[in-house]
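One structure is given below, encoded as structure tokens.
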Amino acid sequence: MGKWSGWFVLALLLVMGAVYWMPAQAKEAKPVVTEMMKVLEETGATGVSVQVRMRTAMGEGLRPEQVKELATKWAQHLEIPFSPSEQLRKHNIFAYRTTYTQNGVDLSYEVTGVPKNGAFSVYLVLQLSGNRDSLLYIGQVQETFTNALQSADFIPQISTCIRGLYNVKMGVDQQEGKILSIFGALQAAELERLQDETVVSISGYTPMWESFIALNGQKMNLQVATHRDSHSGTWITVGTPIITVEY
């Protein structure tokens, strides 16, 4: 089966109308990345990488020049170094994008215009990527960006993923045990699972976190997956509300 892509699965479910995203309200939107790393490392894994992705719908019915204005305005508001340069994509989608690195964290800022009924719907996406040592800074930047968006009445959809590594190659029974120990620590209930000879993935819901996606009428805000690597050992990935990186 190999690696799985969480963004592909989530996008497919959104298109099918089987899932919707319920973000946390303003007073509840606190970074959970430190808590996620803690429960991962308590299973014996070494924390390796962290990714936080924030997505916000900025408006509909906009003209191309308004999309550019929004991209420039929010880059300035978030104090992101930015020089507007349009990038055309397939199906007349265009984007303004910049990336930079600060305090060991890679930051990607993108404002995208998607054609709809002769105008454009606009989305802002912020992505923070770093390692175990940049955990605290990522949480601080996430909170700063979230507060800025919420002050303008935007509530971003936030996905958080962390990866860790065990230096042993585990069978599926051992992998399942590691995943279930995280579910226990987070008081989470299992909703579904997928597995083959090298991969185990279990999804569920924990009442400890407010944000969730609704899948077939059930709340889901936790996914933990393991993957036995033929070279490195066994990888473990924890994501909320769903894993959005390869695992």
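The values are calculated or read from the model by the stated rules, or taken from the named source; none is laboratory data. Every value quoted in this text rests on a predicted model; they were computed, and no experiment measured them. FYI the Cβ positions are ideal-geometry reconstructions off the backbone, even for glycines, and counts take in every protein chain you see.
Each residue in the stretch 129-173 was checked for being among the β-branched types (V, I, T) and farther than 20 Å from T240 by Cβ, and 2 of them qualify. The set of residues from the stretch 36-65 being over 15 Å from the mean Cα position of the chain (by Cα), touching a residue at least 40 places away in the same chain (Cβ under 8 Å) and either more than 24 Å from V168 (Cα to Cα) or assigned to a helix (DSSP H, G or I) (or both) comprises V39, L40, E41, A57, M58, G59, E60, G61, L62, R63, P64. Out of the stretch 183-205, which residues are modelled with pLDDT under 95 and among the hydroxyl-bearing types (S, T, Y)? Listed by number, the list holds a single entry, T198.
In the stretch 87-113, the qualifying residues are those that are in a strand (DSSP E or B) and polar (S, T, N, Q), and the one that is modelled with the lowest pLDDT is Q87. Residues that are farther than 18 Å from T34 by Cβ, touching a residue at least 12 places away in the same chain (Cβ under 8 Å) and not in a strand (DSSP E or B) within the stretch 207-223 comprise P207, N216, listed in sequence order.
In this structure, L135 does not satisfy being modelled with pLDDT of 95 or more and buried (at least 16 other Cβ atoms within 10 Å of the Cβ). Would you mind stating whether T226 is within 16 Å of A45 (Cα to Cα), part of a strand (DSSP E or B) and of a type outside the set (F, W, Y)? So T226 fits the description; yes. Under the condition of being under 10 Å from K219 (Cα atoms) and buried (at least 19 other Cβ atoms within 10 Å of the Cβ), the residues counted in the stretch 189-209 number 3. When restricted to residues that are in contact with a helix residue (DSSP H, G or I) (Cβ under 9 Å, 6 or more places away or on another chain) and farther than 19 Å from Q51 by Cβ, the stretch 190-247 contains 16.
Residues in the stretch 165-183 that are closer than 19 Å to G47 by Cβ and within 24 Å of the chain's Cα centre (by Cα): L165, Y166, Q175, K178, I179, S181, I182, F183. Looking only at residues in the stretch 74-86 that are surrounded by 13 or more Cβ atoms within 10 Å (Cβ to Cβ) and assigned to a helix (DSSP H, G or I), the one that is farthest from the chain's Cα centre (by Cα) is H77. In the stretch 180-193, the residue that is nearest to G164 (Cα to Cα) out of those that are touching a residue at least 60 places away in the same chain (Cβ under 8 Å) and hydrophobic (A, V, I, L, M, F, W, C) is I182. Taking the stretch 79-99 as the region of interest, how many residues are more than 10 Å from T112 (Cβ to Cβ) and in contact with a helix residue (DSSP H, G or I) (Cβ under 6 Å, 6 or more places away or on another chain)? Counting residues in the stretch 79-99 that are more than 10 Å from T112 (Cβ to Cβ) and in contact with a helix residue (DSSP H, G or I) (Cβ under 6 Å, 6 or more places away or on another chain) gives 2. Of the residues I138, I158, the single one that is in contact with a Gly (Cβ under 7 Å, 6 or more places away or on another chain) and among the hydrophobic types (A, V, I, L, M, F, W, C) is I138. Per the conditions (1) closer than 16 Å to E42 by Cα; (2) touching a strand residue (DSSP E or B) at 6+ places or on another chain (Cβ under 6 Å), the sole criterion not satisfied by V245 is (1).
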